[in-house]
Amino acid sequence: MRKNSFMQGAFIATCGIVLSKILGMLYVIPFYSIIGDQGGALYGYAYSIYSIFLGISQAGIPMAISKIISEYNVLGYYDAKERSFKLGRKTLMILGAICFVIMFIFAEPLSRVIIGNVSGGNTREDVTFVIRVISTAILVVPLLSVYRGLLQGNKYITPTSISQVLEQIVRVLIIVIGSYVSLKVFHLSLTVTVGIAVFSATVGAFCSWLYLLIKTNKNKKQLYKRTLRVEEPKVTDKEIIRKILFYAFPFIMIDVFKSLINSVDVFTLVPVLVNGIGYTAIQAETIMGVISTWGLKINMIIASIATGLMVSLIPNLTASFVKKDMEDVRNKINHTLQWLLFFTIPMTIGLSILAKPVWTIFYGASELGPSVYQYYVFVALVTTLFTASITILQLLKEYKMVFISLLSGLIVNASLNVPLLYAFNRMGLPAYYGSTTSTILGYSSCIIISLWHIHKKYQVNYEDTVKKVISVLMTTMMMAVILLLLQKVFPYDSTSRLFSILYVLIYACIGVVIYFFIAFQSKLVDSVFGKENIMKIRKKFRR
C-alpha cells in the first residue's frame, strides 16, 4: 500500500466514491421497473430510519479514529495509535448490537408514525418488516467503517475506495437479481421483495469488511511502522476512550441531524399531501419515492464529490492543524470549497435542465417524477456544501458551533416544512416544492453559520473563493443559456429510453465542452486547481 497526498487522496477517494455511486445509480433502472413507485416509497421508509440509527450506532467513531490516528502519527505516539483502533472497534461492536436491538423492537411504533392513518398504499406491517430486515446491517456497517477509519487516518485511501466499490457491487447484484427472482420468478409479495433489497446492505458491508480485514492483516507492519523516534508519554485506555468519544460526538451530531433533516419529509409529506391538500395516497407516495429514494439516487453522483474531498481533507487538515500551520489550514479550506463548487454547480444546473430525459433513462416516462426532481436536484448542491462546512468546523474542534449549526438547520427545516407545503399550494405551484425549499433553507442555514464562524475565529478570507465562485456561476450560466436555446430548437418529446440516452449524452457532451472551454480560456481552471497541478495532469495524459 502507498500513502496518498491531499490531492492524490482527494482524486482517488472521489473516483472510488463516484464509481460506487454510479453503480448505485445504474441499478435503480431495473430495480424501479421491478418494484415501482409503491415499492420505492417502502424502500425509502426503511433507509430513512436506518440512516438515523446508523448514525447513532457508529457514533462518529470511524471518523474520530481517522482523526486520532492522523494526530498520533504526526506526534509519533504509535502505541496509543494502535490501542485507539482496538478500543474503537470494541466500542462500535457494542453500540451496533444495542442499536440493532432498539431498531428491531421499535420498528412497529416507528411505522405507525410514518404511515399514520393513510390508506391505499403501503401498510404499517409492510414498513415494520423492512425496518427490521435492514436493522441487521447495523451489526456490520459500524465495524466496516472503523477499518476504513484506520486506513484513512494513515493516508491509505486506495484500499478504502476499493472496499466501497466492492460493497456496492455486491449490494447491487443482490438488489437486482434478488428482487427479480423474488417478484417475477417465485411471485413473492412486494414487501418480501423490498426486504431482500434492503438486506443487501448487510451482505455488501460484510464482504467489504472481509476485504479490509485481509488487507490490514497483510500490511500490519506497514500500518504500524515507527518512523519518528520520540519519547512517547503514557496514554491510558481511559484517556483514549475519552478522546474518541470527544471527537466522535460532533460526527454523531452530523450524521443524526443530517438524517433527521432528510427524515422531516418522511414523517410529514405523505400525511399532509393526502389529508391536508388533497393528493391521493398513490400520488403522495410517488412524490415521497422521488425524495427518499429515486431522486436521491441520481443526486448521489453530485454528493460523492464532497464525500471524496472530505475523505482526503480529514487527515490532511488535521495534520496541518496539529502542527499549528494555520496558513495551510486556511488554504486547504478555501481550496476544498473552490474544488467542490467548480464541479457541483454546473452538474446541478445541467441535471435540472435535463431532468425529464434523465428521469426517463432511469425510471421511464412519468408525469410527477421529472417535475419533482427538476427542483429537488438543488438539494444535492446544498448538501455537498453542508458536508464540507460542517466537517471543516469539526476538524477545527469547534464542537459547540457544530451543534448550534446543525440544530439551527433542523429547526428551520422542521418549522418551515408544513407551512411551505400549504404556501406553495396556495400560490398555484406544486405543493411538494415547499418541502424541497424547506430542506434547502435548512441546509443553507447550517452552511452560513459554519462558514461565518470559521471566518470570524480563524481569519479565513473567502474573498478569493467568492471571486472564483462568481466565475464558476457565470461560466455555468453561459453553458445553461446555450443548452436551453438548443432545447428550444430541438425540444425533448419522447418516452424512449434509447432516444433519451442519446439526447442526454449529446447535451452533456456539449455542456462539458462549453463549460471547460470557457473555464480554460478564462484561466478559471488554472486559478482553482493551480497551474502546476494542471501541468502534471497533462503530462500524465500525454504519457
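Values in this text are rule-based calculations from the coordinates and carry no lab data. Model, not experiment: these values are computed from the prediction. Using ideal geometry, Cβ is built from the backbone for each residue, glycine included, and neighbour counts are taken over all protein chains shown.
Tabulated values for the structure
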| item | result |
| --- | --- |
| Cross-link table Lys67/Lys400; Lys221/Lys323; Lys67/Lys225, entries beyond 21 Å C-alpha to C-alpha | Lys221/Lys323 |
| At most 13 other Cβ within 10 Å, DSSP loop - trypsin sites (Lys or Arg not before Pro), the stretch 234-295 | Lys234 |
| Dipole of the chain [Lys/Arg +1, Asp/Glu -1 at C-beta], most positive-end residue of Tyr375, Tyr156, Ser527 | Tyr156 |
| Karplus-derived HN-Hα couplings along the stretch 72-77 (A = 6.51, B = -1.76, C = 1.60, θ = phi - 60°), whole Hz, x at Gly and Pro | 5, 4, 5, 7, x, 8 |
| Peptides ranked, highest mean first, by Cβ atoms within 10 Å: ranges 102-110, 359-367 | 359-367, 102-110 |
| Ratio Rg/Rh [Cα only; Rh per Kirkwood] for the stretch 412-543 | 1.09 |
| Sequence ranges 182-191, 376-385, ranked by mean other-Cβ count within 10 angstrom, highest first | 376-385, 182-191 |
| Among Leu213, Gly120, Ser48 the positive-end extreme of the charge dipole of the stretch 37-263 (Cβ point charges) | Leu213 |
| Reciprocal mean inverse distance between Cα atoms of the stretch 329-479 - Kirkwood radius, Å | 16.9 |
| Relative contact order of the stretch 318-477, pairs being alpha-carbon contacts under 8 Å that are 6 or more residues apart, as % | 28 |
| In sequence order, calculated HN-Hα J values of the stretch 178-185 (Karplus, 6.51, -1.76, 1.60; Hz; x Gly/Pro) | x, 5, 5, 4, 4, 8, 8, 9 |
| Inter-centroid distance (Cα atoms) of the stretch 432-468 relative to the stretch 81-152, Å | 31 |
| The stretch 37-263 - charge dipole about Cα centre, Lys and Arg +1 at Cβ, Asp and Glu -1, debye rounded to 20 | 960 |
| Where Rh is the Kirkwood radius over Cα pairs, Rg/Rh for the chain | 0.96 |
| Under 20 Å from Lys523, Cα to Cα: lysines that are on another chain or at least 8 residues apart | Lys467, Lys468, Lys531, Lys536, Lys539 |
| Calculated [θ] (222 nm, deg cm²/dmol) that DSSP helices of n ≥ 4 give over the chain, each run adding -39,500 (n - 2.57) | -27500 deg cm²/dmol |
| Length-normalised contact order for the stretch 37-263 - Cα pairs under 8 Å, 6+ apart - percent | 36 |
| Distance violations [Cα-Cα > 26 Å] among Lys86/Lys457; Lys258/Lys397; Lys258/Lys332 | Lys86/Lys457 |
| Translational diffusion coefficient (Stokes-Einstein; Kirkwood radius from C-alpha pairs) of the stretch 59-205 at 10 °C, 1.306 mPa s, in µm²/s | 92 |
| Hull shadow area, averaged, the stretch 383-471 [alpha-carbon convex hull, nm²] | 6.8 |
